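A quick write-up on the structure given underneath.
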Amino acid sequence: MSNYNFPPGPEGEGKLGCLPEMRANPMEFLEKVALEYGGIARVNMGSYYSYLVSEPKLIKEVLVDNYDKYKKNTRYKQVRMVIGEGMLLSEGDIWKHQRSHAQPKFTAKSLDKQVDWITSLASDFLDSWDANVKSGKPVELEYQFNLLTQLLAGVWVMGDGFKPRAQEIFGIYNQIRMNWPEMTDIRASMLKPKNIKREINFRKALVRLNKCVYSLLEEYPSIINEDIGFLKHLLPRENVEQSIKSQKRSLRDQLLTLFVTAFETTATSLCWTMYVIDKYPDVQKRIYEEVSRVIGEDTPTAETLNKLNYTEKVIKESLRLYSSVHSFSRVALEDHEIGGYRVPKDMTVIISSYVTHRLPQYWDNPYKFDPSRFDKDRMVGRSRFSYIPFAAGHRNCIGSYMALMQSKLVVALIAQRYTLSLSEGHKVEKHAATTMRPKFGMKMDVRSAAA
Ligand code: HEM
């Protein structure tokens, strides 16, 4: 190795190192580290060190050039308890098989064919906001978008069998979220003692979730013929019942992985998009004009959605400043070198889109909301690795087209019907949980767009 040094970085204080600061405000803390120590930094987390890699060319070294020297960070055993060995967490041949088998269902061509039923469900859902227009009661946007994206993801993944279970699964998932056992590491638990009651509730919710998915699987052979869900793609044409019985656990993991990865990310990202559309009246005006010109009062189709160029740039810019997946990490499988620094085996490497999307060397005036950054001529010469809301490399987000398509659809359906504005006095703050969500939700007043 040319240089056997560790990269520079903060040590923090005492036994806990930087952990208290990291826990209190992870994104702001990591941004500060990148600005102070550069594109690769080593952070003392108390009982271990982690690297933060923020410079685009080094992100490429981790995710592409040295991809085989890393595995996904699977230390979060709770995530594994919920979604198991699906495509997000599996490794090696199992992952390869799951990803290549799923890929054809995630292409633009395949997803564009699904637009009609997705539009119909989303349209019916959004019509229910008419009641808010009449009563003047605000909508809680984060809650509403989670309901909507769960319905869309649930039907897309599990098929029609999801619909009668939608409410139950929504309730169970909320129970899981509210009781997420946060602390896994001994030092970290010194900051906050383990909450046994939360853990019991979390496990109870998991039992209910499994029961619900297994009952859907048992019923499935009776509806498979007419079904549209991804589940059908996972099963053979013959001996369906036998396959379900023998692969019950694996099917559960694959379905829940796709369901969970699809809905919360899209819901959170949609919340931030509606937030910026309200915040910047010129952006709102251009979106409403575009929707009116391209779609008018017609039902959106794959073809018209693909023509919403400005709307897409707004969604992309909102994913830059408010990436719902604010960071992800990898664990080194062997000693190697990144950017001339030593990466020892077992080192956790954090990549944060929140941080990289704000680096002033790569983004002019980084805090400014400016959709024209995604104009073709302004994208020339920009590193592909400076914009990573969907990660990059072989384990990038397989659902990025679906996320953009659904986001454009929901924005267009809202623009045809309503205008949303943040309720007076409602505080908006970013909170880095599993996704970067609005800490106090997003309460918005709804008016009819025609008013
Ligand atoms: C705005 C919405 C979304 C964002 C920001 C997002 C972001 C990401 C990111 C950053 C990763 C990489 C995580 C890592 O490496 O640890 C990822 C992986 C993944 N995403 Fe998404 N995602 C979104 C929507 C979706 C949708 C709609 C689906 C559809 C099912 C989906 C399915 C997946 C899957 C299966 C993986 C794992 C891929 C693999 O490891 O091979 N995502 N996503």
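FYI, it's all coordinate maths here, none of it is from the lab. Model, not experiment: these values are computed from the prediction. Reconstructed Cβ throughout: ideal geometry from the backbone, glycine too, with neighbour counts over all protein chains shown.
Spin-label model, Lys248 to Lys211: label points 7 Å out along the Cα-to-beta-carbon direction sit 1.5 nm apart.
Given R0 = 25 Å, the distance between the Cβ atoms of Glu140 and Tyr280 translates into a calculated FRET efficiency of 0.70.
Taking label points 7 Å from Cα along the Cα-to-Cβ direction, Tyr67 and Arg198 give a separation of 3.6 nm.
Per-residue ellipticity at 222 nm, computed for the chain from helices alone with -39500 (n - 2.57) per DSSP H run of at least four residues, works out to -15000 deg cm²/dmol.
Stretching the chain fully between Asp160 and His426 yields a gain of 92.0 nm (0.36 nm per residue, less the alpha carbon separation). Were the residues from Ser448 through Arg378 laid out at 0.36 nm apart, the gain over their Cα-Cα distance would be 21.6 nm. By how many nm would the segment from Ala391 to Ile94 grow when fully extended, if each residue of separation counts as 0.36 nm and the alpha-carbon distance is taken off? This chain segment gains 104.9 nm when fully extended.
Electrostatic bookkeeping for Thr261 treats Lys and Arg as +1 and Asp and Glu as -1; over the other residues with beta carbon under 13 Å from its beta carbon, the sum is +1. Taking the Cα centre of region 65-189 as origin and charging only Cβ (+1 Lys, Arg; -1 Asp, Glu), how large is the dipole, in debye to the nearest 20? Charge dipole, region 65-189, about its Cα centre: 400 debye, nearest 20. Remark: spin-label model distance Glu337-Ser120 equals 6.0 nm, labels positioned 7 Å along the Cα→Cβ axis. As a rough footprinting exposure proxy, the listed residues Asp253, Asp160, Asp364 were ranked by other beta carbons within 10 Å of their own, and the order from fewest upward is Asp364, Asp160, Asp253.
Projecting the Cα atoms of Thr266, Ile295, Cys212 onto the charge dipole of region 193-323, computed from C-beta unit charges around the Cα centre, puts Cys212 farthest toward the positive end. Across the chain, Cα pairs under 8 Å and at least six residues apart give a relative contact order of 25 percent.
The residues packed around Ile83, meaning those with a beta-carbon under 13 Å from its beta-carbon, carry a net charge of +2 if Lys and Arg are +1 and Asp and Glu are -1.
Could you count how many Lys pairs in region 125-282 have their Cα atoms under 24 Å apart, skipping same-chain pairs fewer than 8 positions apart? Taking region 125-282 as the scope, the lysine pair count is 17. Please state the shape class of region 227-385: rounded when a/c is under 1.5, otherwise prolate if a/b exceeds b/c and oblate if not, all from the C-alpha gyration tensor. In terms of gyration-tensor shape, oblate.
For region 62-137, the square roots a ≥ b ≥ c of the C-alpha gyration tensor eigenvalues yield an a/c of 1.5 or more together with a/b exceeding b/c, which makes the shape prolate. Within the shell of other residues whose beta carbon sits under 14 angstrom from the beta carbon of Ile94, the net charge comes to +3, with Lys and Arg scored +1 and Asp and Glu -1. Think of region 260-354 as a dipole: +1 on every Lys or Arg Cβ, -1 on every Asp or Glu Cβ, centred on the Cα centre; then among Ser323, Ile338, Ile277, Ile338 lies furthest on the positive end. Treating each Cα of region 286-336 as an identical point scatterer and summing with the Debye formula, the log10 of I(q)/I(0) at q = 0.22 Å⁻¹ comes to -0.84. Taking the Cα centre of the chain as reference, the dipole from Cβ charges on Lys and Arg (+1) and Asp and Glu (-1) amounts to some 900 debye.
The HN-Hα couplings worked out from phi for region 227-233 by the Karplus form 6.51 cos²θ - 1.76 cosθ + 1.60 (θ = phi - 60°) are 7, 9, x, 4, 3, 4, 5 Hz, whole numbers, x standing for Gly and Pro.
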